[in-house]
1. Connecting C-alpha atoms closer than 10 Å in a GNM of chain B, tell me which of B:321, B:159, B:248 has the biggest fluctuation.
2. Could you run the Karplus curve 6.51 cos²θ - 1.76 cosθ + 1.60 with θ = phi - 60° over the stretch A:555-568 and give me ³J(HN,Hα) per residue in whole Hz, x for Gly and Pro?
3. Sequence-distant or interchain residues sharing an amide H contact under 5 Å with residue A:542, placed H: which?
4. If I model a spin label at residue A:704 and residue A:14 as a point 7 Å from the Cα along the Cα→Cβ vector, what separation in nanometres do I get?
5. Can you list residues from other chains, or at least 5 along the same chain, whose modelled amide H is less than 5 Å from the amide H of residue A:417?
6. Quickly estimate the mean residue ellipticity at 222 nm for chain B, helices only: each DSSP H run with n ≥ 4 gives -39500 (n - 2.57), and the total goes over all residues, rounded to 500.
7. Using +1 on the beta carbon of Lys and Arg, -1 on that of Asp and Glu, and nothing else charged, what's the dipole of the stretch A:215-341 about the Cα centre, debye to 20?
8. Given the peptides B:311-318, A:656-663, arrange them by the average over their residues of other C-beta atoms within 10 Å, most packed first.
Amino acid sequence: MDFPSSLRPTLFMTGPLGLNDVSDLSFMCSWQNALTLPEAQPQNLKNGALHVTKDLLWEPATPGPLPMLPPLVDPWEPGLTAQDLLFRGGYRYRRRPRVVLDVTEQISRFLWDHGDVAFAPLGKLMLENFKLVGTGSCTKKTTVVNVKKLLQDLGGHQPWGCPWAYLSNRQRRFSILGGPILGTSVASHLAELLHEELVLRWEQLLLDEACTGGALAWVPGRTPQFGQLVYPAGGALDRLHFQEVVLAPGDNPQFLGKPGRIQLQGPVRQVVTGTVQGETLLAVRSDYHCAVWKFGKQWQPALLQAMQVDKGATGISLSPHLPGELAICSRSGAVCLWSPENGLQQVYKDPETLVFRDSSSWRWADFTAHPRVLTVGDRTGVKMIDTQGPPGCGLLLFRVGAEASCQKGERVLLTQYLRHSSPECLPPTLHLVCTQFSLYLVDERLPLVPMLKWNHGLASPILLAQLLPPPQPGCVQPLLLGGQAGQLQLLHLAGEGVSAPRLAGPPQSLPSRTDSLPAFPLLEPKIQWRLQERLKAPTIGLATVVPPLPLASTPGLVVFQLSVAGDVFYQQLRPQTDSSPHRDARPPSDTRPDCHAPTASWTPQDTAGCSQWLKALLKVPPAPPVWTAPTFNHHHLLGSIELQREEGAVQQLGVLREAMAQGRLLLQRDLGSLPMAEPPPAPESGPADELSERLGEAWAGRGAAWWERRRQVRTSGPKRQPRRPKRRTQLSSTFSFSGHVDPSDGTSPPHSPEGPPAGAVPRSPMTSPSQELTPDAWVQGIPSERRQTLRDYMAKLPLQRDTPEHAGTPPSSQASSTRATHSRQHTPILSGSQRPRKKPRMGF
Amino acid sequence: MSDFSEELKGPVTDDEQVETSVLSGAGMHFPWLQAYVETVAIGGKRKKDFAQTTSACLSFIQEALLKHQWQQAAGYMYSYFQTLEDSDSYKRQAAPEIIWKLGSEILFYHPKSNVETFNTFADRMKNIGIMNYLKISLQHALYLLHHGMLEDAKRNLSEAETWRHGEKTSSREILINVIQAYKGLLQYYTWSKKKTELSKLDKDDYAYSAVAQDVFNHSWKTSVNISALIKIPGVWDPFVKSYVEMLEFYGDRDGAQEVLTNYAYDEKFPSNPNAHIYLYNFLKRQKAPRSKLISVLKILYQIVPSHKLMLEFHTLLRKSEKEEHHKLGLEVLFGVLDFAGCTKNITAWKYLAKYLKKILMGNHLVWVQEEWNSRKSWWPSFHFSYFWAKSDWKEDTALACEKAFVAGLLLGKGCRYFRYILKQDHQILGKKIKRMKRSVKKYSIVNPRL
């Protein structure tokens, strides 16, 4: 192989990062990167000038990417934002805003929403201090509180955070008695867990490294026209889809039939494909599993092997040299060479980071030009290790330090072996290293000194990168970079033969999904907002295809992108055709405002496609409503035992008692056949309430449904009156009564409230009427940021059997997999478009 | 309530770097943190309208640049100059550099800009950001060089070289060295032009002595300019190359060799393969003894075993009398073929086939086995798979034959690659294949002769 005959002058400094005073001098501007020093003879000067292609531009065919597939039926909600986590307000006069996590608000919300969980164990412990029934008799003990009196004092009013609320002596006594316990133990224990969780969430918000590498891949098919997109789908991203796509010449890519599916048991984080010696493999990484499939003659995936990674897998890559060989790395710092035939071979293990100490456990492994040498990367550097050499030795390929003139706080986000270079273009020894600020090209034959550095300036972490084949018979290879927030950048790399790698032209940005907003019809603000949120969802996968040349008239490029909401968008690009409007060639009188005014515009076909997609999106039910805390009206809870008996619902009472004794949820079906469509005991609403309710419903886009319902209610109005007492008992079934009360105590079962529960403001007005509190729904309704805390907390409680979600969730799985409990009930079928395909094989 | 500003970095924008560098430890910086924080009112000083408009303008410029809308970017740039008036002293100081970066980029690509515009801009910027005088001068000179204006570039660098302002810092000294070296490089270009002129002239020509005098003058200046820089650790390929060429021209061989040896063997320098390549080429030109050439290439072999000079290295080793060199010769060939970029190098395969046969005939089976042991687990699927047999035969029959011979020697006659090539009926190569079959039977390491 040739080595560049003359490298760009660079100062070489060793030391920690942040010393980039002079050494950065040759990397300041992109035009500098494009320049090369003329070779020894000044006659060659003209050739040097020719190297810079001034107008290397890929023109998008449309102003923004278009949806490729109809949206999935799984509801999606945008995740946490900084607003949910950060403390608002603060010191106004600080020069710098301070980042403070808002634990107080989260814990207060938690206590309101999950008060049953938070306080039930204490209630149980303090059972002997409460006197629940026997209203008349007064107890002598000062440590026993009469609950009924206490509640009467409260008068149904719960002083929600109101410090001036009236307090009776009894209440004061109670608060003195319970204060130390209620105030400290619950709060401190919970706060600790919650704090831990919030830190985790905040770090995840700042940098979500799970999908490093991307979860979208293109598998070429029988003919160059066909291919398959492989990507995860489903609310929990745990269903692997194989969607056949046809690249019709001169037309938009079209999908064929329904996708094949494989149901997995964890969210898919990374999908990698590669063809080596005619054998196409597909490698998939989940949080704790890795699996590899092989595409057979019929382009059907067949599972080769799946493997569990206890410490959590962070990266997987396919060997570009040997068929069926992979490299995987885990959070423990181990890197293994894995081939389905020979099994695992640990080639490196170091729990510490390479260059300096960093807390991140993220690791990455990739191949190099030598099939037995791997690169191992972490946040502080990249090292080359010989798998056949003695363990522990290796050569640093990239160091976050003065060698590459790194900035303070700079860390490696992604490292990739640029494998798909055709030999006549870039040499096969180049590695890409991306940090928050810059992009480096490092040649493994000259470690530590980057061949090229470019400040990408992306405002989100670069976790996706792809080197594309040269579009034209020239020696410029596009390198596509993808930021998590959806930004795409295209760089043009040149460096054939004996010349050093360089930028062949100014970098270019590609439209992101939010640029497609104008293609959608004009919408109501609320739906518009929802669409915007959807388009803004983080990008987690990138795939590119060069459509077959003989078919397309001009060389082109199709970029597919996958968002975390499960949407696949595509964008067609073509190199600028009109022979570069070079400034010397242009007449000075030309007064076009800009030589590259965006010529692309939306065609009616595009907008029609977009509105169709939107229609399908709106059919998708919105994310399940925020969980509403069960409320109890204590007066009726205590005072209506007689009433209950009068009604003779002895049987239901028995069921309730039984459920309480077992500590499980009482479901509606336990209470026998009940009319399901019965509306919930809505607050008795006057005409004024009706108006606001109607407005509210109309705002939520359900105006017509509300009117329909209203009409039905009116027609059945007269019949409602006699049925009312009965309805109350039904309501009790919607309570989640996690507190463990012994029925033998003679306490009354929870009873229905008569009027609107005072002060109990439902957290969401959209609570569905007949929402059953099945375990799934129970978990789904809880805001995701609180699930883990809740689970941790429950795990430490003595009342584990009360927690319904423990049944369905393996303790090791992550928070996001709780959503999977819902979808796991699907039978894992790899369904073909028409006929049932090969026997499904479970991945994990 | 917990305070995270210590562990989780404070916002790091250009304008706040000063403060964070004081406050933060060695943690990671998130350039996008600022955007998150701005969505929540979490206190801190409110940005002034001025700061807001300038930062918005900056992002517009960057966006336009990435869309190659040079004229639009130039329009925004016009408004961005207000940042020079910023009341924030840190921002005011950082502004010239940002303006230079963006402005030079716009002017480099702008369809209506020309060298004069660029010159005017660069001259203005040099004096606005006094701190950036040297860097801008250097880049300006590179721009001029790119446009073929050698003389202007040289003048620019000379001006920068003599520029003095404030106290001397080590980094500025290095910069001045770099500038001098570039100046030296420019002088070298002129020199080399003169040299070609000289070679065209007759010695008896009356102009000869004048030109020769010129050539000598240049060389002296250049050596002063370049020699200072190439002592500082770095990658200085173009400078070293030109410097050595001049030294060589004037017969200062020892000087040239010293420069090259320092460049190659100084431990403070990065392990630059070119340093060794230059030294090797120099020694070759000087007709240095074979042992010296071998010792230079031995180091290059350790750094870049895939370099194309390795085949030359192999030839040298093969011709050497020492037995250990013969062994190394085999190692080098195997080493070259380990790399993905060299798998189709027919010369390497040819050498290996020939040399393997020679070694095995010379009863050095152990050498081959030593090399083969670490490769037998992966070479068969890397080089000698059925897939490659088919595709190699289709693309390059000569290559396929060489590979098949090696495969046969290393894996025995049962090897798939060997069998596939053997089965092919080729009229011209028929004889060769037959000969190959015989040799494999005789020398293959799989069934050692008893």
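Every number here is computed from the coordinates shown, using simple stated rules; none is lab data. The structure displayed is predicted, hence computed values, not measured ones. No Cβ is skipped: glycine too gets one built from the backbone with ideal geometry, and neighbour counts run over all protein chains shown.
1. Greatest mean-square fluctuation among the candidates belongs to B:321.
2. x, x, 8, 10, 9, 9, 9, 10, 9, 5, 6, x, 8, 10
3. Hits under the 5 Å cutoff: A:215, A:216, A:562.
4. 7.5
5. Under 5 Å from the amide H of residue A:417: A:367, A:432.
6. Working: 23 runs with 314 residues, N = 450.
Taken over chain B, the calculation gives -22500 deg cm²/dmol.
7. Details: 10 positive and 8 negative charges, 36 e Å.
Approximately 180 debye in magnitude.
8. B:311-318, A:656-663
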